[in-house]
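**Q** Pasting in a structure now, in C-alpha cells, and then I'll have a few things to ask.
The values are calculated or read from the model by the stated rules, or taken from the named source; none is laboratory data. Note that this is a predicted model, so its numbers are computed, not measured. Cβ: placed from backbone, ideal geometry, glycine included. Neighbour counts: every protein chain shown. Just the protein is used for accessible areas: all its heavy atoms, side chains included, with ligands, DNA and RNA removed. Shrake-Rupley method; radii C 1.70, N 1.55, O 1.52, S 1.80 Å.
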Amino acid sequence: MLPPLPQDFVERLAGQISQFEEGFETLSKASTLKDMARVFAGLLRSNLQTAEPGIFHLSIEQKRWERFYGEDGQPFPETVTLPATNNFSLQHLDNTHTRIGVVQPLTDGSTLGVVLARKTPGGPFTEIDKLSLQLLLQLYANAHRPLLQRRNEKELVFSLNHRVLQLNSLIDTGIEVSKLKREGSLHQLALERAASLTNASRGLLVVSSKGQEIERYAFPGGKISVDHINTVHRIQSSFEFFNNTYTFELFEKESRAGTVPFDETDHILLNALARQVHASLENRYLLRQALEKQKIDQDIAVAASIQQRILPESLPNIEGYDLFGINIPSKSVGGDYYDCIPLSDGRIALVIADVSGKGVPAALLVSSFHAYLGAYLEGAVSLVQLTQRLNDAIYRASTDDRFITAFLALLDPKTGKLESVSAGHNPVYLVKSNGKVQELSAGGVALGMLDMEFPYQTDEVVIERGERLLLYTDGVTEAINEQEELYDNIVPVKEFIIKKRQQSAQEFIDALISDIKRFSGAAPQVDDITALYLIRC
C-alpha cells in the first residue's frame with residue numbers, strides 16, 4: 001500500500017488526472033514497444049520536468065538491456081539492480097539525487113528500465129516526484145498488457161494463414177468428421193485419418209479430465225505397447241474442451257527407408273486435424289445451445305428482472321424535498337445504477353453509476369457494486385474512504401477492461417449540506433436560486449481502474465430552498481440521432497435544466513426523456529439512460 005500522500009502532491013495530481021488519462025490512451029494505441037517508449041518519454045518530460053530520459057527493456061530471453069529510447073549507445077547503468085519481487089524499484093545514481101534509475105517488472109516477465117536526470121538547473125528528485133513517477137510507471141504497465149495481447153494475436157493470425165495452404169488434404173476428412181453423429185466414431189475416424197495423413201504406424205487418442213483418463217482410442221485396434229509409447233519418433237497435439245483434455249499421439253513414421261522422425265508438415269497436419277475435431281465438438285455444442293435458445297432467452301429475462309429489483313422501485317419521501325429517478329436500459333440488462341438510501345444518522349446517500357460496456361457482464365458488475373455499496377455505507381468512514389474501498393473492491397471483482405464511473409453524495413436534509421465525490425463520472429449540475437448552474441465534479445479516476453488508494457477529492461455545497469440537483473449518466477448526453485449527432489451538443493443539458501427549472505421532479509424527468517426521444521427519432525438507443533433529480537422545496 002502506498003504511504004499517505006502529501007497535500008501539495010494531491011493538488012498537483014488532481015490537476016494531472018486528465019493528462020494521465022490522455023497519456024494512458026496514447027500509450028494504449030502504440031503499435032510497438034518502441035512507440036510506447038517514445039510516448040512514455042514525453043509523459044516523463046512533461047510531468048517530472050526532466051531532461052531526455054533513457055528507456056530500456058529487458059526481456060526474459062535477453063541477458064542485456066535493449067535501448068528503446070535515448071541517446072545512441074547509451075547503456076543501462078550496471079549499478080541498478082533488479083528488484084527481488086515484482087515491484088517498482090528506484091535507485092539514485094549520484095550523490096546529488098538529481099539522477100535516478102528505475103526498474104518496473106511487467107506482466108509478461110520482462111522489465112522496464114528508466115534513467116532520469118533533472119534539467120539544468122534543477123534540484124534533487126523529491127518524494128512527490130517519486131510518487132508521480134510510480135503512477136506513470138503503473139500507467140505504462142497497464143498499457144503494456146493490451147499491446148502484448150495484440151502482438152500475440154497478430155502472430156497467431158500469421159501462423160494460421162501460413163498453415164491454411166497446407167490443409168487442402170484435410171478437407172475430405174473434415175467433412176466426414178462433421179457428419180458423424182456419435183462422438184466415439186468421430187474420435188476413432190480422426191485418429192485413423194491422422195495416422196494415414198502422416199504415415200504413422202500407430203496412434204493413440206486419450207480423453208482425460210483433471211489428470212484422470214476417461215476414454216482411450218488406439219490405431220490399429222488393440223493396445224499400444226510400452227515400447228511404442230516410449231519411442232523417440234512421436235508427435236503430439238492436444239486441446240481443451242469443456243474441462244476435458246483431448247490428446248492425439250502418433251508413433252513411428254513409416255518410409256521406404258524404414259522408420260523416420262516426423263517432420264514439420266506432420267505436426268501441421270496433426271494440429272489441423274485436432275482443430276477439426278475441436279471444431280466438430282464445438283459445433284455439436286452450439287447446436288445443442290441453439291435448441292435451448294428459448295430457455296436462454298427466458299433466463300436473460302429473469303436476469304433483467306433481478307437487476308430491476310436492484311434499482312429502487314420507489315424513492316424515499318424526504319421531508320422538504322421532491323425527488324424522482326429513471327433508468328431505461330439499452331438492452332435486456334443494463335450497466336447503469338442509481339439509488340437514494342436513507343442512513344441511520346439521518347443523512348441520505350445519493351448514488352448514480354455507469355459500468356463500462358453493456359449486457360450481462362455489465363449487469364453482474366452493477367450487482368457487485370450494489371452489494372459493496374450496501375456493505376460499506378453504514379460504516380463509520382468518510383466519503384473519500386468509502387470511495388477508496390469501493391475502488392479496491394471493484395478492481396478485484398472486475399477484468400482489466402471493466403470499470404465503473406460513479407457519483408456518490410451524502411445529503412443532510414435538515415441543513416441542505418451536500419458532500420460529494422465523482423469517480424470519473426459526468427459532472428452533476430446544481431441549479432442555484434439565481435438561475436446559474438454549478439458543476440460538482442471533484443473526485444478522481446473511475447472505480448476499478450487503478451490498484452491503489454487514490455486520493456479522491458470532495459465537493460461541499462449547501463442546497464438552498466428552490467435549488468435543484470441533476471445526476472445523470474452519459475446515456476443522456478450521448479444519445480444520438482439519425483445524423484449521429486450527440487444530444488448534449490445540440491440540446492445542452494445545462495441549458496435544458498435552466499429552461500425547465502419551474503417543473504416538479506417527475507415533470508422534469510418526463511420532459512427530459514421525451515426530448516431525448518424526440519431528438520433521437522428512429523436512431524437506436526445505444527446506451528443506458530439514467531437520471532436522478534432532486535429539488536429542495
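**Q** Can you give the FRET efficiency to the nearest 0.05 for ALA523 and ILE498, using r as the Cβ-Cβ distance and R₀ = 25 Å? Could the numbers behind the result be given before it?
**A** On the way: r = 26 Å, r/R0 = 1.04.
So, using R0 = 25 Å, E works out to roughly 0.45.
**Q** While we're here: Please give the length that would be gained between GLU482 and VAL207 if that part of the chain were fully extended, namely 0.36 nm times their separation in residues minus their C-alpha to C-alpha distance (nm, one decimal).
**A** On the way: separation 275, 0.36 × 275 = 99.00 nm, distance 5.38 nm.
Contour length minus the Cα-Cα distance gives 93.6 nm.
**Q** State the label only: which of (i) 54, 37, 20; (ii) 40, 31, 19; (iii) 44, 24, 22 corresponds to semi-axes √(5λ) of the Cα gyration tensor in Å computed from the shown model?
**A** (i)
**Q** If we sort 75-85, 275-285 on the protection proxy, mean other Cβ atoms within 10 Å, highest first, what's the order?
**A** Descending packing order for the listed peptides: 275-285, 75-85.
**Q** At what distance in nm do the modelled label points of SER196 and SER441 sit from each other, each positioned 7 Å from its Cα along Cα→Cβ?
**A** Label-label distance for SER196 and SER441, simple model: 6.9 nm.
**Q** I've got another one for you. Please get the size of the charge dipole for segment 313-443, origin at its Cα centre, with Cβ charges of +1 on Lys and Arg and -1 on Asp and Glu, quoted in debye to the nearest 20.
**A** Values: 10 positive and 14 negative charges, 39 e Å.
Approximately 180 debye in magnitude.
**Q** If you don't mind, another one. Based on DSSP H runs of at least 4 residues, each adding -39500 (n - 2.57), what is the mean residue ellipticity at 222 nm of the chain after dividing by all its residues, to the nearest 500 deg cm²/dmol? Don't skip to the end; give the middle numbers.
**A** Working: 14 runs with 217 residues, N = 537.
Rounded to the nearest 500, the figure is -13500 deg cm²/dmol.
**Q** What figure, in Å² to the nearest 10, do you get for the accessible area of TYR395 with a 1.4 Å probe and non-protein molecules left out?
**A** It works out to around 70 Å².
**Q** For LYS119, LYS517, LYS494, write out the residues from largest to smallest accessible area, computed with a 1.4 angstrom probe and no ligands counted. Write out the running numbers ahead of the final one.
**A** Values: LYS119 100, LYS517 135, LYS494 70 Å².
Result of the area sort, largest leading: LYS517, LYS119, LYS494.
**Q** Along the charge dipole of segment 329-448, Cβ charges K/R +1 and D/E -1, which of ALA393, VAL421, LEU373 sits furthest on the positive end?
**A** The one lying farthest along the dipole's positive direction is VAL421.
**Q** Follow-up. I'd like to compare 253-264, 524-535: which one has the highest average count of other Cβ atoms within 10 Å, and what's the full order after that?
**A** Working: 253-264: 11.5, 524-535: 21.2.
Output ranking for 253-264, 524-535: 524-535, 253-264.
**Q** Hey, with R₀ at 25 Å, roughly what FRET efficiency would ASN489 and SER433 work out to, going by the Cβ-Cβ distance, to 0.05? Present the calculation step by step, with values, prior to reporting the outcome.
**A** Numbers: r = 28 Å, r/R0 = 1.13.
So the FRET efficiency works out to roughly 0.30.
**Q** At 1.4 Å probe size, what's the solvent-accessible area of CYS340? Round to the nearest 10 Å².
**A** Answer for CYS340: close to 10 Å² accessible.
**Q** Would you mind getting me the FRET efficiency between LYS63 and LEU148? Use the beta-carbon distance for r and R0 = 30 Å, nearest 0.05.
**A** Working: r = 21 Å, r/R0 = 0.70.
Step by step, r from the Cβ atoms, then E = 0.90.
**Q** What is the gain in length, in nm to one decimal, between VAL381 and ASN86 on full extension, counting 0.36 nm per residue of separation less the C-alpha to C-alpha distance?
**A** Numbers: separation 295, 0.36 × 295 = 106.20 nm, distance 3.18 nm.
Here the answer is 103.0 nm.
**Q** Could you state the angle between the C-alpha long axis of helix 383-397 and the longest principal axis of the C-alpha atoms of the chain, as a value from 0 to 90 degrees rounded to the nearest 10?
**A** 20 degrees
**Q** Additional query: What distance in nm lies between label points placed 7 Å from Cα along the C-beta direction at THR265 and LYS29?
**A** Here the answer is 4.7 nm between the modelled labels.
**Q** I would also like to ask the following. Suppose every K and R has +1 on its Cβ and every D and E has -1 on its Cβ; what is the size of the dipole of segment 435-477 about the Cα centre, in Debye to the nearest 20? All intermediate terms of the calculation are to be shown ahead of the outcome.
**A** Details: 3 positive and 8 negative charges, 54 e Å.
My answer is approximately 260 debye.
**Q** Order these peptides, 43-55, 438-450, by their mean beta-carbon neighbour count within 10 angstrom, highest first. Walk me through the numbers before you get to the answer.
**A** Values: 43-55: 18.8, 438-450: 21.1.
Packing proxy ranking, top to bottom: 438-450, 43-55.
**Q** Over the chain, what is the relative contact order in percent, taking alpha-carbon pairs closer than 8 angstrom and at least six residues apart? Write down the numbers at each step before the final one.
**A** On the way: 915 pairs, mean separation 51.4, N = 537.
Contact order relative to length: 10 percent.
**Q** Just to confirm the number: angle between the C-alpha axis of helix 127-164 and the first principal axis of the chain, 0 to 90 degrees, nearest 10?
**A** Tilt of helix 127-164: around 40 degrees.
**Q** To test your reading of the geometry: what angle, between 0 and 90 degrees and rounded to tens, separates the Cα axis of helix 7-29 from the longest principal axis of the chain?
**A** 40 degrees
**Q** With every protein chain present, what accessible area does PHE519 have (1.4 Å probe, heavy atoms only), rounded to the nearest 10 Å²?
**A** Result for PHE519: roughly 20 Å² accessible.
**Q** If you place +1 on the Cβ of every Lys and Arg, -1 on the Cβ of every Asp and Glu, and leave all else neutral, what size is the dipole of the chain about its Cα centre, to the nearest 20 Debye? It would help to have the intermediate numbers written out before the result.
**A** On the way: 53 positive and 68 negative charges, 159 e Å.
The calculation lands at about 760 debye.
**Q** Among the GluC sites (Glu not before Pro) in segment 301-405, which ones are in a DSSP loop with at most 11 other Cβ atoms within 10 Å of the Cβ? Mind listing them? Provide the component values of the computation, followed by the final result.
**A** Numbers: sites: GLU313, GLU319, GLU378; in loops: GLU313, GLU319, GLU378.
Answer by residue number: GLU313, GLU319.
**Q** Which listed residue (GLN19, TYR321, PRO105) has the Cα farthest towards the positive end of the charge dipole for the chain, taking +1 on Lys and Arg C-beta and -1 on Asp and Glu C-beta about the Cα centre?
**A** PRO105
**Q** How long is the gain from ILE310 to ARG284 if the chain were fully straight, where each residue apart is worth 0.36 nm and the alpha carbon distance is subtracted? Mind showing how you got there, number by number?
**A** Working: separation 26, 0.36 × 26 = 9.36 nm, distance 3.68 nm.
Once the chain is fully extended between ILE310 and ARG284, it gains 5.7 nm.
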